[in-house]
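The structure appears below as structure tokens.
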Amino acid sequence: MKAAVLSSVKKINVEDRPKPEIGLSEVLVKIQVCGICGTDSHAFQNGSLYPKGTIMGHECSGIVSEVGNDVRNVAVGDRVVINPAPPCWQCHFCKSGRNNLCVEAFERDIGSTPERGGGFATFLQIKWPESMLYQLPDSLTFEQGALVEPLATSFHAVSRSRFKQGDTAVVIGAGPIGLGVMQFLKISGAKKILVLEVVSQRIDIALKAGADRVLNPIEQADELAEQIIEYTDGLGPHIVYECSGVPAAFHSALNYVRAGGQIVTIGVIEKETPISPKTILIKEAEIRGSMCYTATEFQTVIDLLQLNKINTELMVSDVIPLEKIEEMGFMRLASSPEAIKILVKP
């Protein structure tokens, strides 16, 4: 099979690799589409996160190619979406309904080590099919299937927040996660959705995704906080969703949120970031993390896509072949901030 292998910083080689052999309780999936995630881009750019020799890719859909004799939940030919970090269902968090915090999930995930290959390959070995494989309805495309994982991250953020119908919200960043958050807020009855974004092409897409207004934090820096507060009834938003992963954006969120409001952090900020405990105290503001999604939320996103509740086309910048993954995928994402989600077809 063909596989895109992370060989060094800013270098991916497309190689011939043996097709995985499956065990009695395992499944082999022929990958149809796999999206490039922000974590994949970070690994490509700076050599962190994933070791050399890793076949990355965890936002994927495909067709079941082989099934072990002990597998009962799927059959050869099934169209599937893959949950890349399967919960164990035995730990405290799994048993309490918060399987997104499973202590073993990220020890089982795909696309993060040379031993656990991901979806940037012709075939993918699925070791825990009952936890990892979800049926992709015939009415949905494989491209939509590859967007279930990032959309589930967005859905979890809105579900995990204190959002209720009629609230106002600020979404920082109009990348894949931010665009998902906007759409889930819109269909849930947000009164006003204000988006902060610096890339002009993304500003236009944010408006199509449900933003009522978009402000550019660079161009409007001097009056940004004032405009946000004025637009949200003079009080500030009920909730700020930080989706950019930019330290300064997270720091500024405390200036925007209303007293008694909430900040939900979704974007991955790798550096230490100063915050003001005094501001949190005075405002009685809450800061809440949002990590991935639960198994139930993953299925809910598939159901919402089937009901045509989410516009996925505006999230996809390009669909490329595996052979062009370095130049048309990772290099483009690194040099062209207008690119949002690039999907790869092995």
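Ordered by the number of other Cβ atoms lying within 10 Å of each residue's own Cβ, fewest first, Glu66, Glu59, Glu130 fall into the sequence Glu130, Glu66, Glu59. If contacts are Cα pairs under 8 angstrom and at least 6 residues apart, what is the relative contact order of the chain in percent? RCO, the chain: 18 percent. Shown is the FRET efficiency for Glu313 and Ser7, computed with R0 = 22 Å from the Cβ-Cβ distance and rounded to the nearest 0.05: 0.10.
Remark: relative contact order (the range 154-289) = 23 percent; criterion is Cα-Cα distance under 8 angstrom and separation of 6 or more residues. Within straight-line reach of Lys127, meaning a Cα separation under 17 Å, sit the following aspartates and glutamates at least 8 residues removed in sequence or on another chain: Glu21, Glu26, Glu59, Glu66, Asp70, Asp78, Glu104, Glu107, Asp109, Glu115.
Distant-in-sequence amide contacts of Val5, defined by a placed amide H-H separation under 5 Å and a gap of 5 or more residues or a different chain, comprise Asn13, Val14, Glu15. Less than 5 angstrom separates the built amide H of Gln262 from those of Ile239, Val240, Glu286, all sequence-distant by 5 or more or on a different chain.
Measure up Lys10/Lys345; Lys30/Lys186; Lys208/Lys324; Lys191/Lys278 against 24 Å on the Cα-Cα distance and list the ones that go over. Mind showing how you got there, number by number?
Numbers: Lys10/Lys345 20 Å; Lys30/Lys186 35 Å; Lys208/Lys324 29 Å; Lys191/Lys278 29 Å.
Exceeds cut-off: Lys30/Lys186; Lys208/Lys324; Lys191/Lys278.
Taking amide H positions as modeled 1.01 Å from N, with prolines and chain starts lacking one, the residues under 5 Å from Ile320 and 5 or more places away or on another chain are Leu343, Val344, Lys345. The slack between Asp233 and Ala221, meaning 0.36 nm per residue of separation minus the straight C-alpha distance, is 2.3 nm.
The phi-based Karplus calculation (6.51 cos²θ - 1.76 cosθ + 1.60; θ = phi - 60°) puts the 3J(HN,Hα) values of the range 237-253 at x, 5, 9, 10, 9, 8, 10, 7, x, 9, x, 5, 5, 5, 4, 6, 4 Hz, whole numbers, x for Gly and Pro.
Per-residue Karplus couplings for the range 218-235, computed as 6.51 cos²θ - 1.76 cosθ + 1.60 with θ equal to phi - 60°, are listed in order as 7, 5, 10, 4, 5, 10, 4, 4, 5, 5, 4, 5, 4, 6, 9, 6, x, 10 Hz, Gly and Pro entered as x. Rounded to the nearest 10 degrees, the inclination of helix 148-160 to the longest alpha-carbon principal axis of the chain is 40 degrees.
Give the calculated FRET efficiency between Ala248 and Glu130 to the nearest 0.05, with a Förster radius of 41 Å applied to their Cβ-Cβ distance. Given R0 = 41 Å and the Cβ-Cβ separation, E is 0.45. With N counted as the residues of the chain, its alpha-carbon radius of gyration over 2.2 N^0.38 Å works out to 1.00.
Working note: Karplus 6.51/-1.76/1.60 with θ = phi - 60° gives the range 293-304 the couplings 6, 8, 4, 5, 5, 4, 5, 4, 5, 4, 5, 5 Hz, where Gly and Pro are set to x.
Plainly put, the range 37-190 has a radius of gyration that is 0.99 times its Kirkwood radius, both from alpha-carbon atoms, as the Rg/Rh ratio.
Output the relative contact order of the range 228-335, whole-number percent, from Cα pairs under 8 angstrom with separation of 6+ residues. Intermediate results must be reported in sequence, preceding the final value.
Working: 112 pairs, mean separation 20.8, N = 108.
Once normalised by length, the contact order is 19 percent.
A Förster distance of 30 Å, applied to the separation of the beta-carbon atoms of Thr39 and Ser276, puts the FRET efficiency at 0.55.
Given 0.36 nm per residue, what is the gain on full extension from Ser200 to Asn69 after removing their alpha carbon distance, in nm? The partial results should precede the final answer.
On the way: separation 131, 0.36 × 131 = 47.16 nm, distance 5.25 nm.
Once the chain is fully extended between Ser200 and Asn69, it gains 41.9 nm.
Read-outs throughout are calculated quantities, based only on the coordinates presented, and are distinct from any laboratory measurement. What you see is a predicted model; the values in this text were computed from it and never measured. FYI the Cβ positions are ideal-geometry reconstructions off the backbone, even for glycines, and counts take in every protein chain you see.
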